[in-house]
Amino acid sequence: MTVKWSDLGLRLSGAVVIAVMVVGLVALVIPYDPADAVSYDALLKPPSAAHWLGTDGQGRDVLMRLVKGTEAFFLPGLMGGLIAVVLGGLAGAYTGYASGPLRSALVGLLQLVDTLPRLVFIILLCTIRNPSIPLIAVVAGLLFVPTVATVVRRKVEALGSEDYILAHIAHGFTPTRILLHHILWLQCWPLLVRQAAFVFGYVLFVETGLSYLGDYGVQEPDPSWGNMVAQVKDLAGAGAWPWLAPAVAIVVTIAAFLAFGNLVARKGEEALR
Amino acid sequence: MTAPLLSIEDLVIEFDTQQGRRRVVDGVSFSVAQGEVLGILGESGSGKTLSTLSILGLVPGRPGVVSGHIRAHTDAGEVDFLAELPSVVSGGTAERAYQKDDRRWQRIVHRTMRPYWGQFATAVFQNPKQSLDPLMTIGRQLDESVSLADPSLDRAAVRARSVDWLKRVQLYDPERVAASYAHELSGGMCQRAMIAVALAREPRLLIADEPTTGLDTTVRAEIVGLFKALLRDRRRAMLYISHDIREVLFLADRVIVMRHGKVLEETSADDLRHGRGRRHPYTASLLEAADLPAGEAA
Amino acid sequence: MSKRLLRVLSAFLLLTTLVSSAAAQQVFRYPEDTRPSSLLPFFAEDMSAVRMCELIFDSLVVQNKRGDFEGGLAKSWTVDADQGGIKFVLREGVKWHDGEAFTAEDVVFTIQAAQDPKTLFNSKSKFNFIREVSAQGQYGVYVAFDRPVPEAEKRFLFKILPKHGFPDTAISRKDKFAREPIGTGPYKVKKGGYSLRSIALEVNGDYWNTSKVSEVLMQHTPDKSAQINLLQYSGGKAGVQAVIFLPPKNIPLFENSDSVVLEPYHTVSWWYMAYNHENKALADKAVRQAMALAIDRQELLEAHLGRGDILSGPFTESSPFYNFQVEPTGLELERANQLLDGAGWARKGDTRGKGKLKLDFEFVMDKELASNQALFLGIQAQLKKVGITVRPNYVDHAKYRDQVFTRRKFDLTLNIWSFEEVEDVYPLFHSKGVMNFIGYNNPDVDTMLDTAKATKDYKKYKEQMKQLHAVLAQDLPYFFLWSLDIYSGISKKMKGVYIQPYYYFSSFPEWELSP
Amino acid sequence: MSGAASFLALAGRRIAASLLLLVGASFLIYFTIRSAPGDAVDAITPMGTPPEIKEKLAAEFGLDQGVLGGYGVWLSRSATGDFGESLVFAPGQTVMEVAAPAFEKTLLLSSGALFATVVLSILLALLLGEPSARQQGLTGALYFITSAPGFVSAVVFSAAVNAGVQRFVEQAGHETPPWYPIPIYSDSIVPYFFAGFVLVMGDGLLMDTFNAVRAEILSVRGAQFIAAVRARGASVTPHLWLNLAIPIFSAFVSRLPVVLGGVVIVEYVFTLDGAGYLLLEASKQRDFPVVVGLSVLFTLAVIVVGLLSDVARSVIDQREVARDG
């Protein structure tokens, strides 16, 4: 009995996702003081037995920072995804179902957020409050609320007229229950999963991007994949490993998360169809 | 009695599911003569819909195996739809069935079927609202069929005939209907429109797949009546699929009863109506449920 | 590369060659980290603007390669016996870029404009010593000082503005002159050459001196790796012929390159780590000294900035005031620890403390100073060894100036002082000095600075500065770090290159670009 | 109700809302940048600038009024179409003089890139429909290619191109193209193509769009009326695209803000003189008139495109009007 290809993809991406989670959790318990890691005897050493992924411009072990770097993004990333999905889902459900001034106000607010030039807005915020990845994650999450909301709204509007929803109303379910349980939970979860995965990825993108644009991301000496990759700026001709490893890590992680979210979502949608 | 318009011989359809392979149509055979109305009776899941839709190659999803013969007497002479489908489709082993990708199978089916769609046979489905393109006026969809049926017509003539069709399906104010969208019409009106769209294509065989499901009783009666009226001229045959024995009896010349993907019995509508001949117990139970004379049980 | 790929690529190249306008020849391109804020010399705040203005404007006096001062727009000058004034004889037949003739009036105007209270610019104080300026005929200018000024000519390096370029002496930074400057210099802004992130100059046909390169193109390229890229492939039409500052990490890339030479130049600027003396712990001299002994400057310098001189005081080694008797301290961890223990700073876990005070400092850094971060990481690691904790606070330029210079919310910071020619440290260390942002207040130093300010005899002044050097090296208002050998990367196509440490392009007219 | 009337009402409401939106967005940005520590004066005055000069400058820059007051002034001015003058970035030039051309470039770049992305997604969706060995492989590869952070793909890309061109020029003796080496801003359009390419490939945009478009196509394909159309032997294509038009367009619209954000990085790497570059520089220098002015343009663009999509929707899909009206 051969394996379905979609399942194979699901398993692979799922494996990576789990791996990242595990590393992230392990990183929490590994003791690491960046100040101790600095060693001027081992600047920019290529990969070796002592340092599997070599050392960076401060002589710090790249692998170690890679591991500790996971800790920096993956919880906030999930948080950002959660914020976007929960708030977005609720807002979408409400705007799709309700009517009246409150709805219009909410729609306006969503549009307002949606129209902001995201990256620059985050940068401005990062100059006001000192940048930290939770800040970035929360803001990124909030900025994605409208996106999620619109998708959900369409779905709700589309489902609103479906017979079985009407039937539910007939059966005397409260609108809230129908919205939250029957529509949001039972019908929208696949696209919510997909969105969450995307936002998670986006948080990573933003963090790397910000680090590159001038250290608006996680601040040294704390390791983050973003500020590791950002070293590409001053390492031209000095060896690629310090930024290549995290770059690859980012690509693999994001690819896995997107794929996983998407495949799960697709399975769900097929089930719903 | 000329050669049948369509004859199906031990058709087998199997689906590959997570639980493994399910046989949903199990050696079904029947035939329809020119201008004849064949009623197919059975509860949902009895495989009646599938066996008939497979005639149009519109079977959804991807079946594991399709085998048997679907012989059609078209203008081009006799064709066996399944014979034209390559071996991947009919009688593949489990493994190969899994590897086979749906898009390719769909493409193959469509290629073989396209010439017969519409002009040989077409279909009317249940819940009519979803059978009509929500973004196109009824008129334009009707125009499509009309001009396909008779390419020689110019726009005006086409529209005229469309409106005429809307009249024939007993829609009042046909101009308004032609200008309106599905969501602006009632279910009944949509089904009438749908029937018009189907018949305007001038098929030799009309497949009506539970066309009255989801409509309220009075409307159902009207629709069934409409079919009767439209088929009186005997110019085209119809496969009328329903779980409602009264509708079937009202329309059909012959009836086949299906259950669990098998044909239980085949008989003339008159016999059923008047309770003549021996009955399969299942059929009998159906008749009783509709309190009609069951005749003597076999 | 496969044949097919080659073919595709060549097709693409040909296409794009057709699409895009062919690049002009004899263009000297160079990237800048920051965008020139204004081409009006008064308002040329950042170095990129200073460099541009050097190409567009002239000054009365210029400093030549050997470092001594010779005539620019001034043919000659005579200083009064009492050093109370100076008379310039101006070069004749010099034309402004718009064809007008250059006269004494322009010089007078420039000085008056600079002194006009309505003209607001940073280095206004540089003109304070001038009491009065007057034109003597068309080509003579007399400048009277408010007090005797030694080596007065050195103070006339400022650029001369055209009187006819402005309505009156009150000049606003919003004046469109900032975008369409009119100078007497070797280059003028090309028609439509001023755009968001690039400025194109063309050679000034009737320049009183010769200039060889026909066009100059400044390109704002904040991304260093992009600059490196452009220098690496400087052969290409869009490549650059010079990168002003090559980060040491990238130097290996060009060390034995056949297309680029490394041009070292020595700026009159030194790096320092500033202590905020308003911080109780840092007010303790022992702490400052201990930190100085715990930080290995040599190591930091080599790891992150390449070559340079470790300094013991507020002057560069090339400065006449540098006191070579005072040896720079080296790394001495034991002594550092002893000092701290002696002063009663006992270890509590990672961080030493005394009573409520802890040796736990906020280290504020300016993002615009690129190597800041790397250096901080080293310092943090080294100070940890003697039980001193420093926390990074990495802020952008505007925020830095506000937080450190204006509001003084910092414990430690790392920065550079750059000087046009000789250092003047009075404003840095005098308790009333305008640049004394560290709240340094040492009566002895104050008196030394005041007396030095009063001395007319340059020799004496030198001696006093040398003493000051010794005192400051002991008292450590700052921890003096180093002055750098900076490297420019210059394309080998450039001939006759000499880099003026501050203005950079002073001798650019002699540069040559061989095709 | 009649389509035309309700459509007009709809448009009216939308435009009114948009104005509110502009005010809201501009205030948000104004507030943020004004409350950022350090201001335009700090950005230009180095250590030792006498305080009186700083004060006079602050007054000249209109920094002496509070945030709210300042915004009031700004709003009343910009209501008359005067968005003020740049303070630091381009002293003396009006904001629109500086911002408009830059924004034009950026808008073209990002919408162009986004358009390309959508088209590409459609093609891919038609190509990689259902699970199969080869197609799954391709999809997987796609995931990896598109999951690189924008600037990483940009840096790697430019390095590759430069090295490639150099090798090629040596091999084929072709003269070097004017845009080589990248990245460099030049009047040639080529850098914009590269930037666009990276925009499409980077930051998972393509993958995201691809998934959305793909889902839409599948759902329409599966719809019953398509089966009906088939059954009557009519061609499916017109029905398919008619029903896909709106979802695909809204996929475009909903992603525009993201791309307009991502463009900052791309312009930084490829040294393009677009709005992203301007916005970044101006906000570093606290040149708030420029920043706010630009943000207004950004908002405006998003709003206008949103309006367009609404109009398109209510023209194509009568149900929408019925719903909103």
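This table checks each residue for (1) at pLDDT below 75; (2) part of a loop (DSSP other than H, G, I, E, B); (3) closer than 22 Å to B:D244 by Cα.
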{"position": "B:S7", "(1), (2), (3)": "no, no, no"}
{"position": "B:D10", "(1), (2), (3)": "no, no, no"}
{"position": "B:S31", "(1), (2), (3)": "no, no, yes"}
{"position": "B:I40", "(1), (2), (3)": "no, no, yes"}
{"position": "B:E43", "(1), (2), (3)": "no, yes, yes"}
{"position": "B:E78", "(1), (2), (3)": "no, no, no"}
List every residue pair whose Cβ atoms lie under 6 Å apart, where the two residues are 6 or more positions apart in sequence or sit on different chains, the first residue falls within segment C:196-212 and is on the phi < 0 side of the Ramachandran plot, and the second residue, located anywhere, is hydroxyl-bearing (S, T, Y) and surrounded by fewer than 16 Cβ atoms within 10 Å (Cβ to Cβ). C:V203/C:S214
Filtering strands (runs of 3 or more DSSP E) wholly in segment C:243-349 for at least 1 residues that are within 19 Å of C:H469 (Cα to Cα) gives C:269-275, C:308-310
Among the numbered criteria (1) within 25 Å of D:L280 (Cα to Cα); (2) at pLDDT 80 or above; (3) touching a Leu at 6+ places or on another chain (Cβ under 8 Å), which one does D:F31 miss? (3)
Taking D:A100 as the residue in question, decide whether it is within 14 Å of chain C (Cβ to nearest Cβ), among the hydrophobic types (A, V, I, L, M, F, W, C) and either farther than 30 Å from D:F288 by Cβ or surrounded by fewer than 19 Cβ atoms within 10 Å (Cβ to Cβ) (or both). yes
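Being surrounded by fewer than 18 Cβ atoms within 10 Å (Cβ to Cβ), at pLDDT 80 or above and either more than 12 Å from every other protein chain (Cβ to nearest Cβ) or not in a helix (DSSP H, G or I) (or both) is the requirement here; does D:L123 meet it?
Answer is yes for this residue.
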Yes/no for C:D116 being surrounded by fewer than 18 Cβ atoms within 10 Å (Cβ to Cβ), of a type in the set (D, E) and within 29 Å of the chain's Cα centre (by Cα): yes
So which residues in segment C:402-420 are in a helix (DSSP H, G or I) and more than 22 Å from A:S132 (Cα to Cα), if there are any at all? C:F405, C:T406
Out of everything in segment C:367-384 that is modelled with pLDDT of 90 or more and touching a Leu at 6+ places or on another chain (Cβ under 9 Å), what residue ends up being surrounded by the most Cβ atoms within 10 Å (Cβ to Cβ)? C:I379
Do you know which residues across segment D:35-61 are more than 8 Å from chain C (Cβ to nearest Cβ) and over 19 Å from C:F43 (Cα atoms)? D:S35
Between a residue in segment C:162-185 that is within 14 Å of chain D (Cβ to nearest Cβ) and in contact (Cβ under 8 Å) with a residue 12 or more places away in the chain and any residue that is of a type in the set (V, I, T) and not in a loop (DSSP other than H, G, I, E, B), which pairs come within a Cβ distance under 7 Å, given they are 6 or more apart or on different chains? C:E180/C:V189; C:P181/C:I56; C:P181/C:V189
Residue count, segment A:5-54 (criterion: closer than 30 Å to C:G387 by Cα and of a type outside the set (A, V, I, L, M, F, W, C)): 11
What's the number of the condition C:A452 fails, among (1) more than 12 Å from every other protein chain (Cβ to nearest Cβ); (2) in a loop (DSSP other than H, G, I, E, B); (3) among the small types (G, A, S); (4) without any contact (Cβ under 8 Å) to a residue 40 or more places away in the chain? (2)
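Just a yes or no: is a residue in segment C:141-155 basic (K, R), under 22 Å from C:A44 (Cβ atoms) and crowded, with 19+ Cβ neighbours inside 10 Å? Please lay out each step first, then the result.
Keep residues of segment C:141-155 that are basic (K, R), which gives C:147, C:154-155.
Next, only the ones that are under 22 Å from C:A44 (Cβ atoms) stay: C:154-155.
Checking the rest, the ones that are also crowded, with 19+ Cβ neighbours inside 10 Å come to C:155.
Yes: segment C:141-155 contains one or more residues that are basic (K, R), under 22 Å from C:A44 (Cβ atoms) and crowded, with 19+ Cβ neighbours inside 10 Å.
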I'd like to check something: does segment D:160-182 contain any residue that is within 30 Å of A:W225 (Cβ to Cβ), modelled with pLDDT under 85 and within 23 Å of the chain's Cα centre (by Cα)? yes
Just to verify a result, which residue in segment B:196-222, among those that are surrounded by 22 or more Cβ atoms within 10 Å (Cβ to Cβ) and farther than 20 Å from B:Y116 by Cβ, is farthest from the other protein chains (Cβ to nearest Cβ)? B:T212
Of residues in segment D:164-216 being more than 7 Å from chain C (Cβ to nearest Cβ) and in a loop (DSSP other than H, G, I, E, B), the one surrounded by the most Cβ atoms within 10 Å (Cβ to Cβ): D:I182
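Among what's in segment B:115-152 and is acidic (D, E) and outside any loop (DSSP other than H, G, I, E, B), pick the residue that is farthest from the other protein chains (Cβ to nearest Cβ).
B:D143
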Can C:D424 be described as without any contact (Cβ under 8 Å) to a residue 40 or more places away in the chain and closer than 26 Å to C:Y265 by Cβ? yes
State whether one or more residues within segment D:13-22 are within 14 Å of chain C (Cβ to nearest Cβ) and either over 30 Å from C:A44 (Cβ atoms) or over 23 Å from the mean Cα position of the chain (by Cα) (or both). no
Scan segment A:192-200 and give yes if some residue there is under 19 Å from the mean Cα position of the chain (by Cα) and within 8 Å of another protein chain (Cβ to nearest Cβ), otherwise no. yes
Selection from segment A:221-234 of residues that are out of contact with any Ser or Thr (no Cβ under 7 Å at 6 or more places or on another chain), at the interface with another protein chain (Cβ under 7 Å from one of its Cβ atoms) and surrounded by 23 or more Cβ atoms within 10 Å (Cβ to Cβ): none
Report whether or not A:R11 is within 14 Å of chain C (Cβ to nearest Cβ) and part of a helix (DSSP H, G or I). no
Failed condition for D:R255, given (1) surrounded by fewer than 24 Cβ atoms within 10 Å (Cβ to Cβ); (2) on the phi > 0 side of the Ramachandran plot; (3) among the basic types (K, R): (2)
Any idea which of (1) among the aliphatic types (A, V, I, L, M); (2) within 14 Å of chain B (Cβ to nearest Cβ); (3) touching a Phe, Trp or Tyr at 6+ places or on another chain (Cβ under 9 Å) is the one D:V236 doesn't satisfy? (3)
Taking segment C:205-260 on its own, how many of its residues are of a type in the set (F, W, Y) and facing another protein chain (nearest Cβ under 7 Å)? 1
Evaluation of D:Q285 against (1) surrounded by 21 or more Cβ atoms within 10 Å (Cβ to Cβ); (2) within 11 Å of chain A (Cβ to nearest Cβ) (one fails), failing number: (2)
Can you name the condition, by its number, that A:P223 falls short on among (1) part of a loop (DSSP other than H, G, I, E, B); (2) at pLDDT below 85; (3) more than 29 Å from A:G96 (Cβ to Cβ)? (2)
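The values are calculated or read from the model by the stated rules, or taken from the named source; none is laboratory data. Nothing here was measured: the structure is a model prediction, and the numbers come from that model. We place every Cβ from the backbone using ideal geometry, glycine too, and count neighbours over all the protein chains shown.
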